[in-house]
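The values are calculated or read from the model by the stated rules, or taken from the named source; none is laboratory data. Remember, it's a predicted structure, so these values are computed and weren't measured experimentally. As a convention, Cβ positions derive from the backbone with ideal geometry for all residues, glycine included, and neighbour counts pool all protein chains shown.
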Amino acid sequence: MPADCISYSETNYFTPLILDYLSERKELNEFYNRFPEIENFDAQIKEKKKNYDHHIRKDLVEVLNDQYPELSISEKTKENIDSLASEKTFTVVTGHQLNLFTGPLYFLYKIISTINLTKQLKDKYPENEFVPVYWMATEDHDFEEINFFNLNGKKFKWNNADKRAGNAAVGTLSTEGLDEVFKLFSAEIGGGENAEFLKSVFEKGYLEHDDLSDATRFIANELFGKYGLVIVAAGDKRLKKHFIPYVKNELIERVSHKKTGETIEKINSLGYNIQVNPREINLFYLTEDIRERIIERDGNYFVHETEISWTKKEILNELNEYPERFSPNVMLRPLYQEVILPNLCYIGGGGELAYWLELKSYFEAENIAFPMLLLRNSALLQTAKQNDKRKKLNISIKELFLKQHELINRKVRKISDINIDFSSQKEHLVEQFAEMYMLAEQTDESFLGAVKAQEVKQLKGLDHLEKRLLKAQKRKLKDEVERITKLQNELFPNRSLQERQTNFSEFYVEYGDEMIEKLMKELDPLESNFKILNFGEE
């Protein structure tokens, strides 16, 4: 499978903050610990080994073993779980929501990046063990973000959301009703060996497990268990108890709000947009039925939009007795992750890295080692047929990433048998008016305004004629325009990156396990480029 690549900046889909982070702009140095290069992991390993509370390992292994009892666990995953008891074992983590039927393609890219990095670390530092971890966002309640997926240009949605979701954590949601979604999925992907495998995985995942957390664990394990992926649902009381001191600091001292607020001001001053703004208390109260914000007023604590309340003493007693009921939001979840895992690196998308960059000073205040931050791999998957079409249309890889109107205009100008570019005429017009400006200055300065108005009018006239001519040529070259439009729409559904829209099943049905194997081979987590991968070519 031949591969090509372009820089992230050339895709026009990544923010200035992420592009500057990748280029290691010196002004951003204070917002992260070490840049993710293989040589830098030596110092990260030493820091985490010294900083991490290794007593947590026993509970971590125990919880993981309890979460896997009914799964067909691979020998590699079992070895990885057991190895976490050793002080020489470290993790590389990616996190993701419990998207229906895995959601968009980048779910795979995140996990593959994580697995591949652990392999590279083992090669470089063989005296240690490195475990790839998928942190399931079981405590999120953004049901509308996960209750659908796109397949073959169609949207499949888990309906009756109001009966299931509310403000409950998505991991506890019953899988009731997903049999209807599964029927639609099965009909869409048809038959064949690869399709039957997918049907089996999703049927067992959603129809033989009671809640979304167990279903997602089963599916991720079926796809990546043989690579040693370890899947963590971190809501267990045995893990949450280790976070009690930090939750207490959050409730009483507002540490995260103070520290991230200072960092946000600095990031803003550099001209970047802020990904997430902290609340005064970045915690939810979590039960089977609700996940609502904890707020403080006049020294007492309340659960938003409920009758639940405590005094300061009462809420601290509640925390000590039921730590599992205190759920970190997006600002605190990274700290919780790094407290309970012997982690070296977090792998995420651009939006995730943007809010992690807000957190370093908060980690320092809590004396927790800040992990290395690595942008997950990104890729565009195209078939051999699509690649042939691209070549016949004489569209370069870089041009594929242009906005559609820019791409069409560029190609029409290029293939047109007449010159649609009026740049030379405009330059000639500007030269003529330069002489008129000189004449006006020598006669009557009040004449300058009239000259300027006439110049603007005539330049606008040329722009108008150029646009009309371009429009006429588009009609004349209608077939070429339609082929260009169709190809780009196939590769960039909804005018967005394919990886943010398309479900992996579209490719798996055609290529089977070879698809994942080739992604494993081609996606190098430390290679800072956007990959274009061609399927179906020798």
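Below are the figures for this structure:
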quantity: The listed residue being touching a Lys or Arg at 6+ places or on another chain (Cβ under 8 Å), buried (at least 17 other Cβ atoms within 10 Å of the Cβ) and part of a helix (DSSP H, G or I), out of S327, S361; calculated: S361
quantity: Region 336-352, subset touching a helix residue (DSSP H, G or I) at 6+ places or on another chain (Cβ under 6 Å) and in a helix (DSSP H, G or I), residue nearest to I81 (Cα to Cα); calculated: I340
quantity: Residues of region 97-148 classified as closer than 24 Å to Q501 by Cβ, at pLDDT 95 or above, among the aromatic types (F, W, Y) and not in a helix (DSSP H, G or I), total; calculated: 2
quantity: Hey, E176 surrounded by fewer than 17 Cβ atoms within 10 Å (Cβ to Cβ), out of contact with any Phe, Trp or Tyr (no Cβ under 7 Å at 6 or more places or on another chain) and either outside any helix (DSSP H, G or I) or touching a residue at least 12 places away in the same chain (Cβ under 8 Å) (or both) or not; calculated: yes
quantity: Any hit, region 208-223, residues being crowded, with 21+ Cβ neighbours inside 10 Å, over 25 Å from the mean Cα position of the chain (by Cα) and either at pLDDT below 95 or not in a strand (DSSP E or B) (or both); calculated: no
quantity: Residue pairs meeting the criteria (Cβ under 7 Å; at least 6 apart or on separate chains; first more than 12 Å from L60 (Cα to Cα), in region 233-248; second among the polar types (S, T, N, Q) and surrounded by fewer than 21 Cβ atoms within 10 Å (Cβ to Cβ)); calculated: I244/N320
quantity: Among the candidates A161, A168, A195, residue that is modelled with pLDDT of 95 or more and of a type in the set (A, V, I, L, M, F, W, C); calculated: A195
quantity: Conditions (1) under 27 Å from the mean Cα position of the chain (by Cα); (2) assigned to a helix (DSSP H, G or I): number failed by T94; calculated: (2)
quantity: Entirely in region 478-538, the helices (runs of 4 or more DSSP H) that have 3 or more residues that are aliphatic (A, V, I, L, M) and either in contact (Cβ under 8 Å) with a residue 12 or more places away in the chain or under 16 Å from T102 (Cα atoms) (or both); calculated: 478-491, 513-522
quantity: Residue match in region 102-110 (condition: surrounded by fewer than 18 Cβ atoms within 10 Å (Cβ to Cβ) and of a type outside the set (V, I, T)); calculated: no
quantity: Single residue of S72, S9 found to be in contact with a helix residue (DSSP H, G or I) (Cβ under 7 Å, 6 or more places away or on another chain) and either part of a helix (DSSP H, G or I) or of a type in the set (G, A, S) (or both); calculated: S9
quantity: Every residue from region 306-332 that is out of contact with any Ser or Thr (no Cβ under 8 Å at 6 or more places or on another chain), in contact (Cβ under 8 Å) with a residue 60 or more places away in the chain and either at positive phi or not aromatic (F, W, Y) (or both); calculated: K312, I315, L316, L319, N320, P323, E324, S327, P328
